[in-house]
Amino acid sequence: MDWIDLTQTIDASMPGVQIREAKNLEKDGWNAVNIDMYSHSGTHVDAPIHFGVEGPTIDLMPLSRLICKAAILDLTGVQPSCQIDVHDLGNLKDDWIKGEGLIIKTGWSKFSISDPHKYRNQLPRISENLAQWLVDMGLNLLAVEPPSVANVNDLKEVTLIHRILFSGRVIIVEGICNLDEIKTEKVELMVLPLKIGGGDGAPARVLARPLENT
């Protein structure tokens, strides 16, 4: 099956992004721009240093862990500001495979353009219980549609959830989109963050190839 792009398009309307003309075809002979970008804008990967946890920076993340099989948990229609808990995993709890990834589908990515305030400030988030359960079960990678796995307006919560996941060596991918294009329960997932030296996070191209349901 063909690869599906789960990446938001970077443009000047995105929070934390400034794109300015650097060269002009008519004046300089070619077109080019300067891009000033927050390291956690759009679709991005977090590194443990983001919350002071020991672990690889963005440039040192093993490629073998950035390419993996991932199950999709469909929670489309969840309520704003809800906490996603272990019981929400449903049958995935019984079919869990250590070392795979988990993609949580909520439909939240649609608000990144239509309602940016809701997208950032009322996001569905990972509960403490779920974060610890995922670590205990050997999750490799967690990918979500909102811009964070936790409430960005609650420093205690956002720190706690990230530190639990990072301490369990879980790779965190935030701000994915286009999950409605996937019609299977599992995908091959490829996450390609910019190779920023010592990076606490980086914009990433995230691709998924549907795997046939078995």
Between ILE97, PHE51, MET137, whose Cα lies farthest towards the positive end of the dipole of the chain when Lys and Arg beta carbons carry +1 and Asp and Glu beta carbons carry -1, centred on the Cα centre?
-> PHE51
Considering Cα pairs under 8 angstrom that are at least six residues apart, work out the relative contact order of the chain and quote it in whole percent.
-> 32
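Of the chain, which part is the longest with no GluC sites (Glu not before Pro) in a loop (DSSP not H, G, I, E, B) and with at most 14 other C-beta atoms within 10 angstrom?
55-211
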Taking the Cβ of VAL135 as the center, what net charge do the other residues with Cβ under 12 Å away carry, scoring Lys and Arg +1 and Asp and Glu -1?
-> +1
Here the alpha-carbon Rg of the stretch 64-179 over 2.2 N^0.38 Å rounds to 0.99
Which chymotrypsin sites (Phe, Trp or Tyr not before Pro) does the stretch 1-88 hold that lie in a coil by DSSP with at most 13 other beta carbons within 10 Å?
-> TRP3, TRP30
With charges set only on the Cβ (+1 for Lys and Arg, -1 for Asp and Glu), what does the dipole of the chain come to about its Cα centre, in debye to the nearest 20?
-> 240
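If I take every Cα pair under 8 Å that is 6 or more residues apart in the stretch 74-147, average their sequence separation and divide by the length, what percent do I get for the relative contact order?
Worked out over the stretch 74-147, it gives 48 percent.
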Just add up the charged neighbours of HIS40: K/R +1, D/E -1, any other residue whose Cβ is under 10 Å from the Cβ of HIS40.
-> -3
Neighbour count of at most 10 Cβ within 10 Å plus DSSP loop: longest trypsin sites (Lys or Arg not before Pro)-free window in the chain = 1-97
Looks like the stretch 122-186, by Cα gyration tensor root eigenvalues a ≥ b ≥ c and the a/c under 1.5 rounded cutoff (else prolate when a/b is bigger than b/c, oblate otherwise), is oblate
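All of the numbers you see were taken from the coordinates with simple rules; none came from a lab. All values derive from a computational prediction rather than experimental measurement. So basically every Cβ, Gly included, is an ideal-geometry build from the backbone, and we count neighbours across all protein chains shown.
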